[in-house]
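Below: one structure, written as structure tokens.
Where a number appears in this text, it was derived from the coordinates with a stated rule and is not lab data. None of these values were measured; they are calculated from a predicted model. A quick note on method: Cβ atoms are made from the backbone with ideal geometry, for glycine too, and the neighbour counts reach across all protein chains shown.
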């Protein structure tokens, strides 16, 4: 198949041989695939070890159930503790902010009220010619409407 293709396409099919590509392949094998395989083997080994020690003759299933429950609850407790610390921090910051905010929000409200007056006045100025023209047109229509029998 490569013989029939033009020379540039043949280069695209072949894997690159430059140093960065070779380094990437080596790093992929050592930094991604190898840790995943080792973690999987360790997890499978732990599962087999726990299963053998739990279910063999005279194994204590209740104790292993309690241990499993503890390992399931620990991450949930840590996440809850982090959430609690964040909420306490937010409550503290809100309390600090509320001490100074009423003064500044009052000033902001005054400026918004002034801006509201300017905006209404500007909108009325923009619309006034259109409304007066519309009034004139309606007056002319009413006048000619009375003239026709």
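How far apart, in nm, are the 7 Å Cα→Cβ label points at residue 31 and residue 113?
It is 6.2 nm.
When the chain is treated as a GNM, springs tying every alpha-carbon pair under 10 Å, which of 62, 100, 122 comes out with the largest mean-square fluctuation?
122
Residue 136 to residue 42: extension gain in nm, 0.36 nm per residue of separation minus the Cα-Cα distance?
Details: separation 94, 0.36 × 94 = 33.84 nm, distance 8.95 nm.
This chain segment gains 24.9 nm when fully extended.
Report the residue, chosen from 107, 91, 72, that carries the largest GNM mean-square fluctuation when the chain is represented by alpha-carbon nodes joined by springs under 10 Å.
107
Please work out the FRET efficiency for the pair residue 52 and residue 81, using the Cβ-Cβ distance as r and a Förster radius of 22 Å; give the result to the nearest 0.05. Mind dumping the intermediate values first?
Values: r = 35 Å, r/R0 = 1.58.
Rounded to the nearest 0.05, the efficiency is 0.05.
Helix-only estimate, please: 222 nm mean residue ellipticity of the chain, summing -39500 (n - 2.57) across DSSP H runs of length 4 or more and dividing by its residues, to the nearest 500. Present the calculation step by step, with values, prior to reporting the outcome.
Details: 4 runs with 126 residues, N = 149.
Calculated from helices alone, the mean residue ellipticity at 222 nm is -30500 deg cm²/dmol.
If you take Kirkwood radius over Cα pairs in Å from the coordinates, which of (1) 27.1; (2) 16.8; (3) 15.7 do you get?
Entry (1).
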